[in-house]
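Each remark here refers to the structure printed beneath this line.
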Amino acid sequence: MRFNLRRLIIITIALVALWYLVLHSSLLEAPSSVSPRHRVVDIENRINKLQLQMNQQLTDSNNLLDKVKLHLKKKDHISKEVAKDTIQNELDVESISNPILPVLVIACDRITVKRCLDNLVKFRPSKEIFPIIISQDCGHNATLQVLKSFTEYDPTINVVLQPDLSEIRLPRAKVKFRGYYKIARHYRFALNHVLNTLGHEAVIIVEDDLDISPDFFEYFLGTYPLLHKDPSIWCISAWNDNGKKEVIDLSRPELLHRTDFFPGLGWVLRRETWLELEPNWPEAFFDDWLRDPENTQGRACIRPEISRTYSFGKIGVSKGLFFDMHLRYMHLNAEFVEFTKLNLTYLLKDVYDEALTSTVYSLPEMSADEVISSAGDMAVRVPYSNAKTYQKAAKKLGLMDDFRSGIPRTAYRGIVTCYVRGRRVYLAPDFPWTKYDPAWG
């Protein structure tokens, strides 16, 4: 191609020169009245002038040729970069559309982990897409034997043992929280093992006391691309903290929400995010640490209207108190939703934020008492002005009323949504919301 371009330029120059000679041929014919000597000098001057002009034309042509070469070189470099980016994009698309999402089961000393694993195996649609990795802490042999009963017949189920079983030395005032310190240590090891040692791009994390819905895996397959499309989302959770059947819309199993409050209890985390979190991973109470916007850079999670997990673990570090008060009443979804076929772009920040704000603040206002005492299907807004008025309204509606780092459970931009007596209800601040107040709660 470059050879043909050079020939074309040379031929063009020759034609221009020939045209120039023909056009100025009359200049070579001196008037008859001029003497022969002067005629020769004049002709020589004109020839010299013409030669200078032709040299200039040739120089310009060479400059043009150099520019063409440079352009082609740049174009070739750009093409290679585009090809490189295209290959990388194809790899990214492949990892999103055909992901490998290992399930990390956090286990310790409960032989009831068998119930959790039975359900994971029962509902798992693909062994290749969802390999199961069990990380066991505590050195409990009876639990290990239960785990081996799964690994011995299925090579896609593996066990890794947390190597550091040493006691954690704590001051007397914190000894009662030792279990929470061990859990944080175990999580750090397990996540490093799956995401760094094994090199997986992402992981689904479940505790050993969780039941799952029939569409648990479909839920994560359908929502996983959101982690790539929207940098304001850092996790996908299967849990609704206000998931009691009295305050959710049972007719909308496909409905999902954004939340600033980390739900946990069955969630997806990308390696990219783990690399940001791991250097500052806390010694204890990691779940509340993840609920501090400073630690997650103010990003959000996705949660369902109806939970895709259910905790059956009454016995644990919380001594069953939290289970008896809340967990036992949570509703587990039973209807299979094909999330991979749904359009979930409404959950992207630019779309969701504007739609939520414009919807909520255009609704009629009611008090929590009025919502409970009246019937109707029209959505309403219940305003609150401070932590005390929020808690009063939340209790009246049957919601959890506590805060973590100033964030109410399930809240997004200060707004908590629920479904009470046949109507959608939004608890919303009656002031311009900008950020959460850590002093709340």
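General observations
- For residue 183, solvent-accessible area (1.4 Å; no DNA, RNA or ligand), Å²: 60 Å²
- Net charge over other residues, Cβ less than 14 angstrom from the Cβ of residue 340 (K, R count +1; D, E count -1): -3
- Potential extension, residue 346-residue 275 segment - 0.36 nm per residue separation minus Cα distance: 22.7 nm
- Two-site FRET efficiency, residue 389 against residue 60, from Cβ-Cβ distance with R₀ of 56 Å, rounded to 0.05: 0.10
- Note that region 304-441 presents 51 Å² accessible area per residue, ligands and nucleic acids not counted, probe 1.4 Å.
- Amide H contacts for residue 160 (H built 1.01 Å from N in the peptide plane; partners 5 or more residues away or on another chain; cut-off under 5 Å): 134, 135, 136.
- With protein chains left intact and a 1.4 Å probe, residues in region 246-295 average 40 Å² of accessible area per residue.
- Long pairs among 127/341; 245/392; 229/396; 176/435; 122/244; 122/148, criterion Cα-Cα beyond 29 Å: 229/396; 176/435
- Karplus 3J(HN,Hα) series, Hz, for region 404-417 with 6.51 cos²θ - 1.76 cosθ + 1.60 (x for Gly, Pro): 9, 6, x, 9, x, 4, 6, 5, 9, 6, x, 9, 10, 10
- Ordering 173, 187, 159 by the projection of their Cα atoms onto the charge dipole of region 110-189, which places +1 on the Cβ of Lys and Arg and -1 on the Cβ of Asp and Glu, puts 173 at the extreme positive end.
- Protein accessible area in region 125-179, 1.4 Å probe - carbon and sulfur %: 56 percent
- Whole-percent carbon and sulfur share, accessible surface of region 180-223, 1.4 Å: 54 percent
- In a DSSP loop and with at most 13 other Cβ atoms within 10 Å, there are no chymotrypsin sites (Phe, Trp or Tyr not before Pro) in region 246-289.
The values are calculated or read from the model by the stated rules, or taken from the named source; none is laboratory data. Keep in mind it's a predicted model, so treat the numbers as computed, not measured. Reconstructed Cβ throughout: ideal geometry from the backbone, glycine too, with neighbour counts over all protein chains shown. To get the accessible areas, we keep the full protein, side chains included, count just its heavy atoms, and leave off ligands, DNA and RNA. Shrake-Rupley method; radii C 1.70, N 1.55, O 1.52, S 1.80 Å.
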